[in-house]
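What follows is a short report on a single structure.
The values are calculated or read from the model by the stated rules, or taken from the named source; none is laboratory data. Not measured: the values here are computed from a predicted model. No Cβ is skipped: glycine too gets one built from the backbone with ideal geometry, and neighbour counts run over all protein chains shown. Accessible surface areas use protein heavy atoms only, side chains included; no ligands, DNA or RNA. Shrake-Rupley method; radii C 1.70, N 1.55, O 1.52, S 1.80 Å.
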Amino acid sequence: MCGIVGYIGKNEIKEILLNGLKELEYRGYDSAGIAVLQDRELSTFKAVGKIINLENKLKDFSTQGFGIGIGHTRWATHGKPTEANAHPHIAEFSNVVHNGIIENYQEIKEMLQAKGHHFLSQTDTEVIVHLFEENLKNCDDSFKAFKKTIDTIKGAYAILLISKKDSTKIFYAKNGSPLIIARGEGGIYFASSDAPLIGLAQEVVYLEDGDIGFMQEGDFDKLQNIQPLNINKSFAQKDGYRYFMEKEIYEQHSVLLETMMGRVSEDRIALENLDRDFFEGIESITICACGTSYHSAMVGKYLLERFAKIRVNVVIASEFRYADFVIKENELFITISQSGETADTLEALKLVKKHHLKTLAICNVDNSSIVRESDRVILTRVGIEKGVASTKAFASQVLVLWMLGVFIAQEKKLINAQEIKEQAQAMLKATKATKVDSKLHERIKRLSKRYLHGHGFFFIGRDVFFPLALEGALKLKEISYLHAEGYASGEMKHGPIALADSHLFTIALMPEHLLFEKIKSNIEELSARDATICVISSQECEVADDMIFIPKASSYMEEFFSMMVALQILALEIAIKLGNDVDMPRNLAKSVTVE
Ligand code: G6P
């Protein structure tokens with residue numbers, strides 16, 4: 001979603017804000033802006049489109065000496081992506097940037113309009129800065145006016161506000177959207193995630209919901225819970241790959257080893273912070289997630305039911321929140337989230353906490369809101385994922401769910417030592433199967449040019465390969481903008497097959513070790529209707545028009561991970577051939593921190 005940065009210090013403010021926004025650009029990128037306050041001069045700049053447009057606008061602007069500044073990169077929620085709707089939003093003498101949604105903005109706007117305030121944008125955010133200035137009319141303490149403003153607004157927010165009336169302070173407030181304050185040699189920094197802070201700051205404070213205050217030079221020590229920031233910058237760079245997504249596909253085999261490190265050994269699965277007691281009395285599991293994480297949750301259902309013999313219910317977070325589903329007392333609530341900040345997942349988690357359920361997060365970002373809200377956590381440990389289309393995070397989530405299934409089975413004594421050993425070996429092989437073979441990549445690249453047209457794609461599979469088919473279709477949709485759907489292959493005959501003709505491309509997942517013959521019959525039904533079929537398998541399939549061969553494997557999960565990589569590369573190469581920006585696909589955002 002949107003990204004926020006802020007700075008108080010003596011270095012070049014424009015550079016710091018722009019560099020920070022570039023680190024956050026993957027979160028939302030339909031417009032961007034900054035505001036700089038120096039010597040009581042407030043300068044605001046905005047541009048539609050990517051940060052480079054803002055940078056071009058700022059060519060002749062620079063700062064020297066002490067000052068403060070705020071910046072924002074936007075992903076439209078209220079109002080079109082225009083310059084007027086871009087942040088910072090402006091009133092007479094103050095500027096504000098905001099992530100989230102102000103639910104009661106309409107009534108505040110009407111009240112302020114009645115008092116003569118004039119609004120320039122269609123956004124909810126603009127009311128904050130006008131309300132602040134209105135409150136300041138009746139009081140001479142700007143923090144009091146800011147606090148009164150925050151007390152009035154309802155919704156989710158991370159807010160930074162600056163004002164000529166108090167020109168050395170940045171006012172901040174957080175509720176439901178992430179916000180970090182940090183200190184480095186150059187001064188005090190604000191950001192909505194760690195990424196812009198790497199290399200600049202050494203100490204950070206992750207603000208909590210309800211936190212409100214202001215910072216000025218030398219104020220950092222008044223904060224509580226100061227922590228060191230230990231993240232390596234090299235993770236956040238492309239390492240010579242064309243796109244972050246490509247780099248992230250290629251690094252899966254090494255980061256998945258990190259996911260397993262210290263957790264999987266020959267004779268045992270050990271998950272830190274989890275023991276038999278935690279699962280004592282648990283009769284069922286609900287897994288809640290969005291997007292790609294929801295697909296890994298679906299894979300998790302198959303694996304957990306198979307190994308741990310527990311009934312698993314999988315829910316989309318945005319559905320769960322308002323459906324009044326029955327919540328049982330002896331249920332474990334698992335959330336899966338790459339970012340740990342997805343608003344729907346976070347709110348679903350908060351909801352079940354009111355029912356006192358045990359909660360477990362599977363997450364990639366330590367200290368994220370979902371991690372902090374959960375009783376226990378299994379970190380996926382794959383490093384920063386920048387490509388909007390999630391790849392390595394999905395792989396690690398599936399691996400964690402597999403480990404969790406075997407772990408619960410081990411603790412409940414449902415599997416013996418030999419079976420644990422076999423699963424541990426299978427996990428290691430599955431991880432190795434994600435190492436990209438350059439010949440496979442080349443083959444998919446050549447093949448991709450045949451799949452740039454047509455009226456749509458079906459991705460089909462059975463069992464865990466059904467959610468993998470959903471994920472393959474989602475990857476393609478996200479970055480190629482082609483129409484793609486995933487189906488359980490047995491469902492084709494119940495409707496979707498009506499679409500079959502030679503311009504319908506079917507990508508069929510055919511694992512040798514799981515229901516090969518069953519999927520083959522489904523493919524024959526499609527072939528009889530002239531559909532163009534591309535099979536991914538280690539086995540030749542006569543009815544296929546095209547084959548993508550994966551190496552022979554010893555388990556279906558090893559095949560799962562090989563096929564996952566093939567699907568990721570297929571989507572990548574099709575999108576590149578179509579000339580799309582793979583890392584920043586249109587209309588999408590990496591982290592969706594609004595409902
Ligand atoms: C956004 C991203 C998806 C992601 C989903 C859930 O829509 O574009 O790639 O799967 O959010 O994100 P999470 O961080 O909770 O896994």
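Remarks
- Protection proxy ranking for 58-68, 7-17, using the average of other Cβ atoms within 10 Å per residue and placing the highest first: 7-17, 58-68.
- Peptides 484-495, 85-96 ordered by average Cβ neighbours within 10 Å, highest first: 85-96, 484-495
- For the set W75, W402, the ranking by accessible area, highest first and with no ligand, DNA or RNA atoms included, is W75, W402 under a 1.4 Å probe.
- DSSP finds beta bridges in the chain, and of those with both partners inside it, around 60 percent are antiparallel.
- Cross-link partners of K493 among lysines (Cα-Cα below 30 Å; sequence separation of 8 or more within a chain): K301, K449, K475, K477, K518, K520, K552
- Computed from backbone phi with θ = phi - 60° and the Karplus coefficients 6.51, -1.76 and 1.60, the 3J(HN,Hα) list for region 172-187 is 9, 8, 9, 7, x, 10, x, 8, 10, 10, 9, 10, x, 4, x, x Hz; x is used for glycine and proline.
- Per residue, in Å², the accessible surface of the chain once ligands and nucleic acids are set aside, probe 1.4 Å: 39 Å²
- Counted charge near G187, where neighbours are those whose Cβ lies closer than 10 Å (Asp, Glu -1; Lys, Arg +1): 0
- Each Lys and Arg Cβ is given +1 and each Asp and Glu Cβ -1; about its Cα centre, the chain then shows a dipole of about 500 debye.
- Largest-first ordering by accessible area, 1.4 Å probe, given options K80, K386, K57: K80, K57, K386
- The chain: angle of helix 417-432 to the longest principal axis, Cα-based, in degrees nearest 10: 70 degrees
- Shape call, region 3-231: gyration tensor on alpha carbons, a/c limit 1.5: rounded
- Dipole magnitude for region 436-580: computed about the Cα centre from +1 point charges on Lys and Arg Cβ and -1 point charges on Asp and Glu Cβ, it is near 420 debye.
- Ranking T286, I507, I68 by how far each Cα lies toward the positive end of the dipole of the chain (charges on Cβ) leaves I507 at the top.
- Rg/Rg_ref, region 118-246, where Rg_ref = 2.2 N^0.38 Å and atoms are Cα: 1.23
- Positive-end ranking of N273, V255, I408 along the dipole of region 238-435, with charges on Cβ about the Cα centre, is headed by V255.
- Amide hydrogen proximity for S31: with H placed 1.01 Å from N in the peptide plane, the residues at 5 or more positions away or on another chain lying under 5 Å are G49, R74.
- The chain shape via C-alpha gyration tensor axes, a/c threshold 1.5: prolate
- In order along region 262-274, the Karplus-derived 3J(HN,Hα) couplings, from 6.51 cos²θ - 1.76 cosθ + 1.60 at θ = phi - 60°, round to x, 10, 10, 10, 3, 10, 7, 10, 10, 10, 4, 6, 10 Hz, and Gly and Pro are given as x.
- Of Y302, I536, A389, farthest towards positive along the dipole that unit charges on Lys, Arg, Asp, Glu beta carbons give the chain: I536
- Taken along the Cα-to-beta-carbon direction at a fixed 7 Å, the label points for D581 and D437 span 3.6 nm.
- Calculated from backbone phi, Karplus (6.51, -1.76, 1.60) coupling profile of region 462-477 in Hz, x at Gly/Pro: 10, 6, 5, 7, 6, x, 5, 5, 4, 5, x, 5, 4, 4, 5, 3
- When each of the peptides 461-471, 240-250 is scored by how many other beta carbons lie within 10 Å of its residues on average, the order from highest to lowest is 461-471, 240-250.
- Only Lys, Arg, Asp and Glu carry charge here, each on its Cβ (+1 for the first two, -1 for the last two); on that basis region 238-435 has a dipole of about 340 debye about its Cα centre.
- For region 335-488, the spread of Cα positions along each principal axis, largest first, Å: 52, 42, 30
- With a cut-off of 12 Å between beta carbons, the residues surrounding S31 carry a summed charge of +2, where Lys and Arg count +1 and Asp and Glu -1.
- Accessible surface of region 436-580, 1.4 Å probe, proportion on carbon and sulfur as whole %: 52 percent
- Taking the empirical scaling 2.2 N^0.38 Å for compact globular proteins as reference, region 238-435 has a Cα radius of gyration ratio of 0.99.
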